[in-house]
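Student: Sharing a structure here in structure tokens format.
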Amino acid sequence: MKDDKEETDPFEHATPEKRYVAFVDVLGFGAQVLNDFNNAFATYREILKNWRWHYEFSADVPARIYSDAILLTSEHLGKLIGAVVTLNMVTLMGDCLIRGGIGWGQHIEVADGSNFYVVSEALTEAVQIEKTVKWPCVALSDKIAIPSHWWNPSVRNIERGILYFNGLTLVNPLTLSWGQSAQTRVCQLSNTYPEYQSKYDWFLKLTDAIFCDEPLVPKRY
């Protein structure tokens, strides 16, 4: 017999809205889970605890976290960038690097009881970027309009939220309080995990460029 309960469309009252969406993957975490679940779980909990301590979650940047995949959304590009900057820092404190993309476009998400649905142009774009980018960074879609003052060449690289490096517009993985320490941590990881040498080398080239005087901005600026 058919259930007499009336079927409802969870999207019936949903309206698409423009959103910035970041899709981020914690590199190597899946392998850690398969090799040593308890240790990976402990690291995971520590990363989330540090993130909550350093970055206060709010309605401005809600987070959806599925194991090593992290989805962040916001109406405000600056606030989303700030969340990813913090995520870069706390994951590296847990000896992990991240890779991902940030897209912009129509976005719908609906909670329906224990189910959660997302249909998103911005998320699709972010996932495509994450699949394309080979290096440990979170890159922005070329379709995103960057405020021109963000590229002010007089601002030091370490103080920028975004950088232009190797043809990519990406989120700065360093901060004033997490600069040399981050570089040192990656050098240590490079020695410990030589199988990922190319990724660590790329990240170290990025950090070297950040510490240089040459502004990491597009040439037109």
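The values are calculated or read from the model by the stated rules, or taken from the named source; none is laboratory data. None of these values were measured; they are calculated from a predicted model. Note: ideal-geometry Cβ built from the backbone for every residue, glycine included; neighbour counts use all protein chains shown. Please note that ligands, DNA and RNA were not included when accessible areas were found on the heavy atoms of the full protein model with its side chains. Shrake-Rupley method; radii C 1.70, N 1.55, O 1.52, S 1.80 Å.
Student: Measure nothing fancy, just the Cα-based angle from helix 77-93's long axis to the longest principal axis of the chain, in degrees from 0 to 90, nearest 10.
Tutor: 70 degrees
Student: So between Glu17 and Val118, what do we pick up on full extension, going 0.36 nm a residue minus the alpha carbon distance?
Tutor: 35.2 nm is the gain from fully extending Glu17 to Val118.
Student: Between (1) 69, 46, 31; (2) 76, 40, 29; (3) 48, 38, 33, which matches Cα extents along the principal axes in Å calculated for the structure shown?
Tutor: Computed from the coordinates, Cα extents along the principal axes in Å corresponds to (1).
Student: Please give me, ordered by residue number, the trypsin sites (Lys or Arg not before Pro) of region 129-221 that lie in loop per DSSP and have at most 12 other Cβ atoms within 10 Å.
Tutor: Sparse-neighbourhood loop trypsin sites (Lys or Arg not before Pro): Lys134, Lys143, Arg156, Lys219, Arg220.
Student: Quick one: if you stick a label point 7 Å off each Cα along the C-beta vector at Tyr193 and Trp150, how many nm between them?
Tutor: 2.8 nm
Student: I'd like the GluC sites (Glu not before Pro) in region 41-111 restricted to DSSP loop residues with at most 15 other Cβ atoms within 10 Å, sorted by number.
Tutor: Here the sparse-neighbourhood loop sites are Glu56, Glu75.
Student: Something else: Output the 0 to 90 degree angle, nearest 10, between the alpha-carbon long axis of helix 180-192 and the longest principal axis computed from the alpha carbons of the chain.
Tutor: Result, in degrees: 80.
Student: Considering the Cα positions of region 138-200, please state its Rg to one decimal place and its Dmax as a whole number of Å.
Tutor: 14.2, 41
Student: Still on this structure, I have one more. Please compute the per residue accessible area over region 36-151 with all protein chains in place, 1.4 Å probe, rounded to a whole number of Å².
Tutor: Ligands and nucleic acids excluded, the result is 51 Å² per residue.
Student: Determine, at each q value in 0.16 (inverse angstroms), the log₁₀ of I(q)/I(0) that the Debye formula gives when each Cα of region 121-174 is one equal point scatterer.
Tutor: With one equal scatterer per Cα and no solvent, log10 I(q)/I(0) is -0.51.
Student: So, one more: Report, to the nearest whole %, how much of the accessible area of the chain belongs to carbon and sulfur atoms, 1.4 Å probe, protein only.
Tutor: Working: 6290 of 12620 Å².
Exposed carbon and sulfur together represent 50 percent of the surface.
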